[in-house]
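A.B. asks: Below you will find the structure I want to go over with you.
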Amino acid sequence: MERTLAIIKPDAVASRLAGAILQRMEAGGFELRGMRLVHLTRAEAEGFYAVHRERPFFDSLTAFMSSGPAIVLTLEADDAIRRWRELMGATDPGKAAPGTLRREFGTSIERNATHGSDAPETAAAEIGYFFRGVELG
Ligand code: UDP
Ligand code: MG
């Protein structure tokens with residue numbers, strides 16, 4: 001079994017899509033091992049996306065991610081990292097495959113409804129950013 005960090009981003013929570021996305025996680029075979037509503041500060045969003053600090057979209061992205069509540073989750077499944085990214089679809093909702101979450105629920109390359117870790121090392125670091133070990137089921 002593998003774990004990944006997922007986020008239901010502020011755009012999706014504000015649009016009342018959290019329930020629909022949680023349903024898709026469960027239907028997709030992911031076990032929920034951690035789940036919390038968080039309203040990130042700007043500094044917390046900047047810390048989470050530190051790897052993108054030099055990118056032109058960093059300021060806008062971190063403003064968006066700290067603009068309202070988001071839901072952070074630890075998902076568990078066989079091959080969870082790859083399978084969650086597959087269910088999310090491409091970063092740009094306009095390029096994401098039909099049936100993927102970002103295609104269905106995202107509205108721009110920035111406001112793309114969900115986050116998923118991209119590798120085992122980043123998954124471990126991102127889970128640790130939001131959850132203490134004793135909080136995980
Ligand atoms: N993003 C953006 N503009 C871009 C690329 C990415 O606003 O040109 C945002 C988008 O919300 C994305 C996040 O930055 O989900 C992190 O980018 P990354 O390249 O890591 O994409 P992801 O791993 O989320 O698919
Ligand atoms: Mg990424």
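A.B. asks: Any chance you could run the full-extension gain for Ser15 through Ala97? It's 0.36 nm times the residue separation minus the Cα-Cα distance, nm to one decimal. Write down the numbers at each step before the final one.
C.D. replies: Numbers: separation 82, 0.36 × 82 = 29.52 nm, distance 2.13 nm.
Net length gain for the segment: 27.4 nm.
A.B. asks: Around His115, what is the net charge, scoring Lys/Arg as +1 and Asp/Glu as -1 over all other residues with Cβ under 9 Å from its Cβ?
C.D. replies: On the way: positive: Lys9; negative: Glu126.
It works out to a net charge of 0.
A.B. asks: Further, regarding this structure: Can you tell me, using C-alpha contacts under 8 Å and at least 6 residues apart, the relative contact order of the chain as a whole percent?
C.D. replies: Numbers: 237 pairs, mean separation 51.0, N = 137.
Reported as a whole number, the value is 37 percent.
A.B. asks: For the chain, what does -39500 (n - 2.57) per DSSP helix run (n ≥ 4), summed and divided by total residues, give at 222 nm, in deg cm²/dmol to the nearest 500? Walk me through the numbers on the way to the answer.
C.D. replies: Numbers: 7 runs with 55 residues, N = 137.
The per-residue figure over the chain is -10500 deg cm²/dmol.
A.B. asks: Another one. Local charge sum around Ala77 (other residues, Cβ-Cβ under 9 Å, Lys/Arg +1, Asp/Glu -1)?
C.D. replies: On the way: positive: Arg3, Arg83; negative: Glu2, Glu31, Glu76, Asp78, Asp79.
So the environment of Ala77 carries a net charge of -3.
A.B. asks: At 25 °C and 0.890 mPa s, grab the translational diffusion coefficient of the chain from Stokes-Einstein with a Kirkwood Rh over Cα pairs, rounded to a whole number in µm² per second.
C.D. replies: On the way: Rh = 14.8 Å.
D, rounded to a whole number, is 166 µm²/s.
A.B. asks: If you don't mind, there's one more thing I want to ask. Taking H as built 1.01 Å from N, whose amide H comes closer than 5 Å to the amide H of Ala90, not counting residues under 5 places away?
C.D. replies: Ala96, Ala97
A.B. asks: Efficiency by 1/(1 + (r/R0)^6): what FRET value for Ala63 and Leu37, r their Cβ-Cβ distance, R0 = 25 Å, to the nearest 0.05? Spell out each step's value before the answer.
C.D. replies: On the way: r = 19 Å, r/R0 = 0.77.
With a Förster radius of 25 Å, E is 0.85.
A.B. asks: Within the range 1-34, name every residue whose backbone N is under 19 Å away from a label modeled 7 Å from Cα of Asp118 along the Cβ vector.
C.D. replies: 3-9
A.B. asks: Roughly how compact is the range 22-83, stated as its Cα Rg over 2.2 N^0.38 Å to two decimals?
C.D. replies: Values: Rg = 14.0 Å, N = 62, 2.2 N^0.38 = 10.6 Å.
That works out to 1.33 for the range 22-83.
Since every read-out is calculated from the coordinates, none of them should be taken as a lab result. Owing to the predicted nature of the structure, the values given are computational and were not obtained by experimental measurement. Methodologically, a virtual Cβ is constructed for each residue, glycine included, from the backbone with ideal geometry; neighbour enumeration extends over all protein chains shown.
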